[in-house]
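The values are calculated or read from the model by the stated rules, or taken from the named source; none is laboratory data. Worth saying up front: this structure is predicted, and the values here are computed from it rather than measured. Please note: Cβ atoms are built from the backbone with ideal geometry, for glycine as well, and neighbour counts cover all protein chains shown. In case anyone asks, the SASA skips ligands and DNA or RNA and just uses the protein heavy atoms, side chains included. Shrake-Rupley method; radii C 1.70, N 1.55, O 1.52, S 1.80 Å.
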Amino acid sequence: MDGETFDVDNNVWVIGDDEECVVVDAPHDVDAILAVVGGRTVKAIVCTHAHDDHVRVAPALREAVVAPIMLHPDDKPLWELTHIDHLWDVDLADGFRFDVGGTTLEVLHTPGHAPGAVCLHVPELGVVFTGDTLFQGGPGATGRSHSDFGTIVESIRNRLLTLPPETVVHTGHGDDTTIGDESPHLEEWIARGH
Ligand SMILES: [Zn+2]
């Protein structure tokens with residue numbers, strides 16, 4: 001399945017204030033993202049991981065807004081399935097922090113769905129952007145190559161469910177949830193095996 005394009009709904013998150021913002025993931029439509037950005041300065045295009053439906057228009061968006069693309073380097077093999085002619089600009093790492101609109105975003109490396117999958121935690125706002133690592137109702141898929149179910153469970157257990165239970169989870173697809181709504185179900189997910 002790797003390298004195919006799927007027609008799915010993706011969430012694009014724009015975090016910031018009236019002056020500046022960060023775009024989280026760049027799936028399909030540069031114009032739609034630019035409409036949300038408005039006149040603000042884009043400080044970074046952060047990719048939660050490098051599956052096609054999260055990075056497809058990242059280079060085109062970079063052209064349009066002149067901002068660095070940030071990606072965890074462990075997702076290089078996935079990035080290369082979509083973009084052979086472009087690289088990203090800044091390597092993300094666990095604990096990497098940056099400021100936007102007076103708020104600090106912190107990178108959590110949460111491998112499993114993809115080796116370089118990251119979540120963005122914004123403690124001040126009580127939110128975490130989880131990409132495809134955690135959805136409402138369970139972990140992201142681990143059926144593709146470079147994915148691993150045991151690894152995603154440990155990422156969720158150790159890095160996400162340890163956040164305050166009221167933390168709002170903004171996902172890569174579908175509806176929001178909270179850490180407290182998801183955490184009681186970890187053992188069910190493990191028993192289910194996916
Ligand atoms: Zn994905």
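Here residue 176 sits with roughly 70 square angstrom of accessible surface, probe radius 1.4 Å. Computed from backbone phi with θ = phi - 60° and the Karplus coefficients 6.51, -1.76 and 1.60, the 3J(HN,Hα) list for segment 93-98 is 9, 4, x, 4, 10, 8 Hz; x is used for glycine and proline. Note on residue 75: accessible area approximately 0 square angstrom, rounded to 10, probe 1.4 Å, nucleic acids and ligands left out. Here's how it looks for residue 69: its modeled amide H is under 5 Å from those of 45, 89, 90, which are all 5 or more places away or on a different chain. Solvent-accessible area of residue 103, all protein chains in place: 20 Å² (probe radius 1.4 Å, heavy atoms, ligands and nucleic acids excluded).
How large, in percent, is the carbon and sulfur part of the accessible surface of the chain at a probe radius of 1.4 Å? With neighbouring chains kept in place, the figure for the chain is 50 percent. With θ taken as phi - 60° and the Karplus curve 6.51 cos²θ - 1.76 cosθ + 1.60 applied, the whole-hertz 3J(HN,Hα) list for segment 47-54 is 9, 5, 5, 9, 4, 3, 7, 10 Hz, x standing for glycine and proline. Residue-wise HN-Hα couplings along segment 78-89, as the Karplus relation 6.51 cos²θ - 1.76 cosθ + 1.60 with θ = phi - 60° gives them from phi, are 6, 3, 5, 5, 9, 10, 8, 9, 10, 10, 7, 10 Hz; Gly and Pro carry x. Counted over the chain, the DSSP beta bridges are approximately 60% antiparallel.
Near residue 41, the amide H atoms lying under 5 Å from its own belong to 20, 21; only residues 5 or more places off or on other chains count, and H is placed 1.01 Å from N.
For the chain, what's the relative contact order in percent, using C-alpha pairs closer than 8 Å and at least 6 residues apart? Once normalised by length, the contact order is 16 percent.
Of the listed residues 79, 88, the order by accessible area with a 1.4 Å probe, largest first, is 88, 79. Solvent-accessible surface of the chain, taken per residue with a 1.4 Å probe and all protein chains present: 44 Å². For segment 117-194, the share of DSSP beta bridges that are antiparallel, to the nearest 5, is 65%.
Here the chain is treated with +1 on each Lys and Arg Cβ and -1 on each Asp and Glu Cβ, and its dipole about the Cα centre works out to around 320 debye. Amide H contacts of residue 104 (H built 1.01 Å from N, in plane; Pro and chain starts excluded): 124 sit under 5 Å, all sequence-distant by 5 or more or on other chains.
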